[in-house]
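Handing you this structure, nothing more for now.
The values are calculated or read from the model by the stated rules, or taken from the named source; none is laboratory data. Please read these numbers as outputs of a predicted model, since none were measured by experiment. Methodologically, a virtual Cβ is constructed for each residue, glycine included, from the backbone with ideal geometry; neighbour enumeration extends over all protein chains shown. For accessibility, only protein heavy atoms count, side chains too; no ligands or nucleic acids. Shrake-Rupley method; radii C 1.70, N 1.55, O 1.52, S 1.80 Å.
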Amino acid sequence: RKEVEQDPGPFNVPEGATVAFNCTYSNSASQSFFWYRQDCRKEPKLLMSVYSSGNEDGRFTAQLNRASQYISLLIRDSKLSDSATYLCVVNIGNQFYFGTGTSLTVIP
Amino acid sequence: GAVVSQHPSWVICKSGTSVKIECRSLDFQATTMFWYRQFPKQSLMLMATSNEGSKATYEQGVEKDKFLINHASLTLSTLTVTSAHPEDSSFYICSASGIPHYEQYFGPGTRLTVT
């Protein structure tokens, strides 16, 4: 079983829509959680860390559910520039486990 | 956020030659550095994890004698692709984690083409 699983998508949504991604992890000892975004032919960039209490950064909200072992990312009022692949990352010790990424395309 | 640089950003080499890629953390101490490879339209694949001053830990299927990793200081790790072949052509990305930034920060990547 993979450490981290994500729906690869693609998600095609109109501008202004709200879209949510989920990611599940298998190891209950996982310590830290992150969302990264990766644009085509570029390196991944840290979008936000995910805390137990949930956290929000502008149009982006991340949630962690330890009981069900999943994290989520909600994007409100989608912009064209949000089109990218979103990677879910789980940290245990000094190991980081990446999901395969969820592809999002925001359509005008 | 933290800054990680990679050099070169793009390299073309002939089959059989070796290529060295450098990864530097510019504003923090990278106690752990990671090397990834990514083929077009595919996910990141972790090749190896290196802790400063220690030998790298390679993922299953990655040849340690072909992909030499050195992490001799808290700000520099190198990946040398030895005797490169066309199938080694890929996007190689490093990332760093450490003090005070425990999250991973990625370098801009090195696009390697072996002819």
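Quick one: Karplus J couplings for the stretch A:7-17, per residue in order, coefficients 6.51, -1.76, 1.60, θ = phi - 60°, nearest Hz, x for Gly and Pro?
Per residue, the Karplus-derived 3J(HN,Hα) values read 6, x, x, x, 9, 10, 10, x, 3, x, 6 Hz.
What does the charge count around A:ASN22 come to, taking other residues whose C-beta lies under 13 Å from its C-beta (Lys +1, Arg +1, Asp -1, Glu -1)?
-2
Taking each residue of A:97-105 in turn, how many C-beta atoms of other protein chains fall within 10 Å of its C-beta, and what is the average?
Working: counts 1, 6, 2, 3, 3, 0, 1, 0, 0.
Partner Cβ neighbours, averaged per residue: 2.
Let me ask something else about it. Counting pairs of alpha carbon atoms under 8 Å apart in space and at least six apart in sequence, what relative contact order in percent does chain A give?
Computed value for chain A: 38 percent relative contact order.
Sticking with this structure for a sec: All other residues with a Cβ under 12 Å from the Cβ of B:LEU68 taken together, and with Lys, Arg as +1 and Asp, Glu as -1, what is their net charge? Please list the in-between numbers first.
Values: positive: B:LYS20, B:LYS55, B:LYS64, B:LYS66; negative: B:GLU63, B:ASP65.
Summing Lys and Arg as +1 and Asp and Glu as -1 gives +2.
Could you pull out every Cys in chain B that lacks a partner Cys with its beta carbon under 4.7 Å away?
B:CYS13
With a 1.4 Å probe and every protein chain left in place, tell me how much accessible area A:LEU46 has, in Å² to the nearest 10.
50
Ranked from the most accessible area to the least, with a 1.4 Å probe and all protein chains present, what is the order of A:TYR51, B:TYR105?
A:TYR51, B:TYR105
Let me ask something additional. Rounded to the nearest 5, what % of DSSP beta bridges with both residues in chain B are antiparallel?
Bridges in chain B that DSSP calls antiparallel: roughly 90 percent.
Then there is this: For the stretch B:14-75, report the % of Cα-Cα distances exceeding 15 Å.
Result for the distance tail: 57 percent.
To the nearest 10 square angstrom, what accessible area does A:GLU5 show with a 1.4 Å probe?
90
In Å, what Kirkwood hydrodynamic radius results for chain A from the alpha-carbon pair distances?
One decimal place: 13.9 Å for the Kirkwood radius.
Taking Cβ-Cβ under 4.7 Å as the only way to count a partner, pick out the unpartnered cysteines of chain A.
A:CYS40
Which one, B:THR32, B:THR110, B:CYS94, projects farthest toward the positive side of the charge dipole computed for chain B from Cβ point charges (K/R +1, D/E -1)?
B:THR110
Label A:LEU74 and B:GLU59 with points 7 Å out from Cα along Cα→Cβ: what is the distance between them in nm?
With each label placed 7 Å out from Cα toward Cβ, I get 3.2 nm.
Of A:ARG76, A:ARG41, A:ARG59, which has the largest mean-square fluctuation in a 10 Å C-alpha GNM of chain A?
A:ARG41
Counting only protein heavy atoms, what percent of the accessible surface of chain B is carbon or sulfur at a 1.4 Å probe? Mind showing how you got there, number by number?
Values: 2930 of 5560 Å².
Within chain B, the accessible surface is 53 percent carbon and sulfur.
Here's something else I'd like to know. Hey, got the average number of other protein chain Cβ atoms within 10 angstrom for residues in A:37-46?
Other-chain Cβ atoms within 10 Å of each residue's Cβ, averaged: 5.
Here is a follow-up. What relative contact order, as a whole-number percentage, does chain B give when Cα pairs under 8 Å and 6 or more residues apart are counted?
So the answer I get is 37 percent.
Still on this structure, please answer the following. Can you tell me which of A:PHE34, A:PHE60, A:PHE96 moves the most in a GNM of chain A? Springs connect C-alpha atoms under 10 Å apart.
It is A:PHE96.
Around A:PHE33, with a cut-off of 14 angstrom between Cβ atoms, what is the net charge of the other residues, counting Lys and Arg +1 and Asp and Glu -1?
Net local charge, A:PHE33 excluded: -2.
Then there is this: If you take the alpha carbon radius of gyration of the protein assembly as shown and divide it by 2.2 N^0.38 Å, what ratio comes out, to two decimals? Please report the intermediate quantities before stating the final value.
On the way: Rg = 17.7 Å, N = 223, 2.2 N^0.38 = 17.2 Å.
For the protein assembly as shown, the normalised Cα radius of gyration is 1.03.
Quick one, what does Rg over Rh come out to for the stretch B:26-115 if you take C-alpha atoms and the Kirkwood Rh?
Rg/Rh for the stretch B:26-115 comes to 0.96.
Further, regarding this structure: For B:HIS101, what accessible area in Å² do you get when you roll a 1.4 Å probe over the heavy atoms of the protein chains, rounding to the nearest 10?
40
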